[in-house]
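Structure first, commentary second.
The values are calculated or read from the model by the stated rules, or taken from the named source; none is laboratory data. Everything numeric here is computed off the predicted structure, so don't read it as measured data. Here Cβ is always computed from backbone atoms with ideal geometry, including for glycine, and neighbour counts include all displayed protein chains. Please note that ligands, DNA and RNA were not included when accessible areas were found on the heavy atoms of the full protein model with its side chains. Shrake-Rupley method; radii C 1.70, N 1.55, O 1.52, S 1.80 Å.
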Amino acid sequence: DSIAFAKRLQDAGCDCVAVHCRKRSDKHDGMADWKAGAAIVAALDVPVVLNGGIGNVNEARSVMELTKCHAVMVARGYLENHGLFFRSRSSTTTTVAAAAQLAAEYLDYADRYPPPCYLYIQKHLRWIFRSELQPADPTNVNYSDWRPRLWGFLVRPYLRTIAQFRLVVALYVKLSGDGDGDGVRAPESIQHLVNDVTFKSVRKAATSASMSG
């Protein structure tokens, strides 16, 4: 029983309890049970933080009003959009321009504050581009479409540097037809890369980086 377990944590001295309002069997796709969260909030004397698929600031406010919890946690929403609570977007659904901008911003920060390993960058970019590139049916993929090709390209083991990942973002902008001529400018940090980038040039840059390393 979740309430009984939460009370045991409180009695053991926890100053705060965080609760994910999905069942384990639901994984990432199930609906959060906010009524169960509200029951835990009401049963405890310590602050309770709730989590479960919150995708924008309006949802966060709604959950806090509904459950009376003290705060909410966000995981996947922030991986997909690090500006989640600082922009006017009403959902986590990305657009070509938004995904490119988010990816370029993330790489600028990763350049200033390097993550422990390039794998962090690969995984983060996959979250940012997930709604734009990931095949709807992984068992029936049309590789003549550039989107699934680029989706798989993002995890190539030879992509390891910020410069290489910027080329990948530039390639995304170019292939989407979302360059200067279509009314949406490429992010400034990759603007000069868009015209000449290809899958082959990204692979070549990766080889050069490997040789120089």
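Worth pointing out:
- Three semi-axes describe the equivalent ellipsoid of the range 131-180; taken as square roots of 5 times the Cα gyration tensor eigenvalues and ordered largest first, they are 20, 15, 7 Å.
- Placing +1 on the Cβ of every Lys and Arg and -1 on the Cβ of every Asp and Glu, with nothing else charged, gives the chain a dipole about its Cα centre of roughly 560 debye.
- Reachable lysines from Lys204, criterion Cα separation under 18 angstrom, eight or more residues apart if same chain: Lys174
- Tilt relative to the chain, helix 96-112 - C-alpha long axis, 0 to 90 degrees, to 10: 90 degrees
- The 1.4 Å probe gives accessible areas that order Ile3, Ile162, largest first, as Ile3, Ile162.
- Estimated at 0.36 nm per residue, the fully extended path between Ala136 and Met31 surpasses their Cα-Cα distance by 35.8 nm.
- Qualifying lysines (Cα of each under 18 Å from Cα of Lys23; at least 8 residues distant if same chain): Lys35
- Global form of the range 101-190, assessed from the alpha-carbon gyration tensor, a/c cut-off 1.5: oblate
- Percent carbon-and-sulfur accessible area, the range 1-157, ignoring ligands, DNA and RNA, probe 1.4 Å: 53 percent
- Computed FRET value (nearest 0.05) for Ser201 with Trp146, which takes r as the C-beta separation and R₀ as 25 Å: 0.95
- Taking all protein chains as shown and a probe of 1.4 angstrom, Arg149 keeps an accessible surface of around 100 Å².
- Extension gain, Arg76 back to Ala163 (0.36 nm per residue minus Cα-Cα distance, nm): 28.8 nm
- Ligands, DNA and RNA aside, Tyr118 has an accessible area near 40 Å² when probed at 1.4 Å.
- The accessible-area ordering, largest first, of the residues Phe5, Phe85 stands as Phe5, Phe85, per a 1.4 angstrom probe.
- Across the range 75-80, rounded Karplus estimates of 3J(HN,Hα) from the backbone phi angles (6.51 cos²θ - 1.76 cosθ + 1.60, θ = phi - 60°) give 10, 4, x, 6, 5, 7 Hz, Gly and Pro being marked x.
- Residue-wise HN-Hα coupling along the range 116-133, computed from phi with Karplus coefficients 6.51, -1.76, 1.60 (Hz; x: Gly, Pro): x, 7, 4, 4, 4, 5, 4, 5, 5, 5, 5, 5, 4, 9, 3, 6, 8, 10
- For Ala18, distant residues with modelled amide H under 5 Å away: Val49
- Averaged per residue, the chain has 59 square angstrom of accessible surface, using a 1.4 angstrom probe with ligands and nucleic acids left out.
- 3J(HN,Hα) couplings calculated from phi for the range 41-54 with the Karplus curve 6.51 cos²θ - 1.76 cosθ + 1.60 (θ = phi - 60°) are, in sequence order, 4, 5, 7, 9, 9, 8, x, 10, 10, 10, 9, x, x, 6 Hz; Gly and Pro show x.
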